[in-house]
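**Student:** Here it is, the structure, as structure tokens.
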Amino acid sequence: MSIPSHKSSSKKNRAVQAPQRSNGKLRVAAILEAAAAVIAEKGYEGATMAEIAVRSGAKIGSLYRFFPNKESLADTIVVSARENLDAVFDRFDAGVRALSIRTLADDLMDLIFELFTRPAFMKLLEAGQDWSVKREEFRSALLRRTAKTLLVHTPNLSKKSAADIALVIVLNVKAMATHQAFFDPASSAPDEFRDMTRLYLRSRLAKPRLERVAPGER
């Protein structure tokens with residue numbers, strides 16, 4: 001049985017090196033842009049550090065100095081999306097109480113759709129289960145923030161119902177985002193997805209039959 005060297009083990013576990021100088025920050029930005037482009041084209045498994053280095057114009061040694069492996073690059077892309085998610089939802093929630101259910105459905109779908117349709121990010125969400133927990137953190141945060149938005153809009157909704165409705169909405173948008181490449185330009189399928197979400201939210205939020213919230217549930 002072969003024993004991995006300390007060198008390879010150290011490289012695998014080494015943290016991302018944050019640049020301190022402006023030139024380093026520009027180089028890292030170029031590397032991340034190139035990584036996103038390569039992953040969008042070839043997927044996570046098909047992307048290589050060598051191609052990312054060539055695409056970014058960085059030497060391979062410089063690439064590894066900032067990012068010890070491909071997983072750290074992918075993590076950085078996902079973490080960036082996760083950090084942006086809260087800011088996006090905070091802005092949305094600020095005016096959500098004034099929205100009609102139809103507008104809520106449309107605007108919430110647009111918000112989630114934009115998050116899902118970044119090409120590199122979609123590829124990372126579809127990648128194998130063993131490379132990063134960051135993706136699952138993003139999914140959990142997206143569901144949590146969607147549920148919170150529903151509660152801001154409809155305060156007498158229970159947390160459980162908000163969580164269930166959020167899951168349905170996110171899965172519906174993900175299905176639309178995943179299959180958009182198959183839509184004919186003249187297809188009305190995207191409108192059907194929107195109508196489905198509008199009708200669903202109307203059935204869950206518009207009626208006074210919303211369940212009473214048990215003490216301690218909120």
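The values are calculated or read from the model by the stated rules, or taken from the named source; none is laboratory data. Since this is a predicted model, take the numbers as computed values, not measurements. FYI the Cβ positions are ideal-geometry reconstructions off the backbone, even for glycines, and counts take in every protein chain you see.
**Student:** Within segment 112-126, can one find any residue that is basic (Lys, Arg), surrounded by fewer than 21 Cβ atoms within 10 Å (Cβ to Cβ) and more than 27 Å from Arg27 (Cβ to Cβ)? Explain how you work it out, then say what you get.
**Tutor:** Taking segment 112-126 as the starting set, the residues that turn out to be basic (Lys, Arg) are 118, 123.
Next, only the ones that are surrounded by fewer than 21 Cβ atoms within 10 Å (Cβ to Cβ) stay: 118.
Filter once more, so that each one left must be more than 27 Å from Arg27 (Cβ to Cβ): none.
No, the conditions are met nowhere in segment 112-126.
**Student:** Among the residues of segment 33-57, count how many are part of a helix (DSSP H, G or I), buried (at least 19 other Cβ atoms within 10 Å of the Cβ) and either within 22 Å of the chain's Cα centre (by Cα) or among the aliphatic types (A, V, I, L, M) (or both).
**Tutor:** 8
**Student:** Another one. So which residues in segment 78-135 are farther than 26 Å from Glu192 by Cβ, at pLDDT below 85 and in a loop (DSSP other than H, G, I, E, B)?
**Tutor:** Ala127, Gly128, Gln129, Asp130, Trp131, Ser132, Val133
**Student:** Could I ask something else about it? For Ser62, which of the numbered conditions (1) modelled with pLDDT of 90 or more; (2) of a type outside the set (A, V, I, L, M); (3) not assigned by TED's automatic domain parsing to the domain that holds Arg198 fails to hold?
**Tutor:** Unmet for Ser62, out of (1) modelled with pLDDT of 90 or more; (2) of a type outside the set (A, V, I, L, M); (3) not assigned by TED's automatic domain parsing to the domain that holds Arg198: (1).
**Student:** One residue is enough: does segment 167-188 have a residue meeting the conditions modelled with pLDDT of 90 or more, outside any helix (DSSP H, G or I) and either touching a Pro at 6+ places or on another chain (Cβ under 6 Å) or not charged (D, E, K, R) (or both)?
**Tutor:** Within segment 167-188, none of the residues are modelled with pLDDT of 90 or more, outside any helix (DSSP H, G or I) and either touching a Pro at 6+ places or on another chain (Cβ under 6 Å) or not charged (D, E, K, R) (or both).
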